[in-house]
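Below: one structure, written as structure tokens.
A short reminder: the numbers here are calculations on the coordinates, not readings from a lab. Please read these numbers as outputs of a predicted model, since none were measured by experiment. Backbone-built Cβ (ideal geometry, glycine too); neighbour counts: all protein chains shown.
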Amino acid sequence: MRFKLTRELCYLAGLAGHSREPERSQVGIVTQDYEIEERFIKYAIALGVDTRKIVIKDQGGFRHVYFFHSKIARMIREIMNERSTLQHKKGGMAAAFLAGAFDANGHAANGVLSFRRLDKGDELLLELMGIHSVNSRIMNIRRFVSLIKKDSILAGRLKLG
């Protein structure tokens, strides 16, 4: 069965693809944010993951949440490998992916938005979406936030003056 490309799957790809190194069939995140954990679980269930297969471990204040599903893991790897094509997809797939990536490793402090790490694929997708970044720092913050706010938990919490 091939999954249809949805905003939820793209968000999960951004979130899980930037949260930890994916294993062959494992999809997971490491977070301290309960709301991000809840959304990860909600989207996994929406994609057909059995709730009994979702593992949650609390380790030193960080929550490790993961499940094993080879088809979902493969789709996430495909999205990660072809993320520069997402801006051509209808329905805001690129925005959902970037929202997941920001929720996984984004940071906002003192009027600065940045990513803990951005690889070349992320930088390319950001540029294709009209978002400029320098050294993992977002230069046009308002444009970026307006792009991902609908899908991102962290961006939804931002108060821009």
Report, to the nearest 10°, how far helix 34-46 tilts away from the longest principal axis of the Cα atoms in the chain, using its own Cα long axis and a range of 0 to 90°.
60 degrees
Run the numbers on the stretch 20-161 and let me know its relative contact order in percent, using alpha-carbon pairs under 8 Å that are six or more apart.
20 percent
Going out from 0 in 5 Å bins, what whole percent of all Cα-Cα distances in the stretch 7-81 drops into each bin?
3, 18, 32, 28, 14, 4, 0
When the helices in the chain are scored as -39500 (n - 2.57) per DSSP H run of 4 or longer and the sum is shared across all residues, what 222 nm value do you end up with, to the nearest 500 deg cm²/dmol?
-13500 deg cm²/dmol
What is the mean projected area of the alpha carbon convex hull for the stretch 83-153, to one decimal in square nanometres?
4.2 nm²
Give me the Debye-computed log₁₀ of I(q)/I(0) at q = 0.12, 0.16, 0.17 Å⁻¹ for the chain, equal point scatterers on Cα only, no solvent, two decimals.
-0.48, -0.86, -0.97
Point-charge dipole on Cβ atoms (K/R +1, D/E -1) for the stretch 83-153, about Cα centre, debye to 20:
140 debye
Once normalised by the length of the stretch 47-110, the mean sequence separation of its alpha carbon contacts under 8 Å that are 6 or more apart gives a contact order in percent of 16 percent
Can you pull the one-decimal nm distance between simple spin-label points at Ser84 and Val55, each 7 Å off the Cα toward Cβ?
3.5 nm
Only four residue types carry charge here, +1 at the Cβ of Lys and Arg and -1 at the Cβ of Asp and Glu. Report the dipole size of the stretch 7-81 about the Cα centre in Debye, rounded to the nearest 20.
280 debye
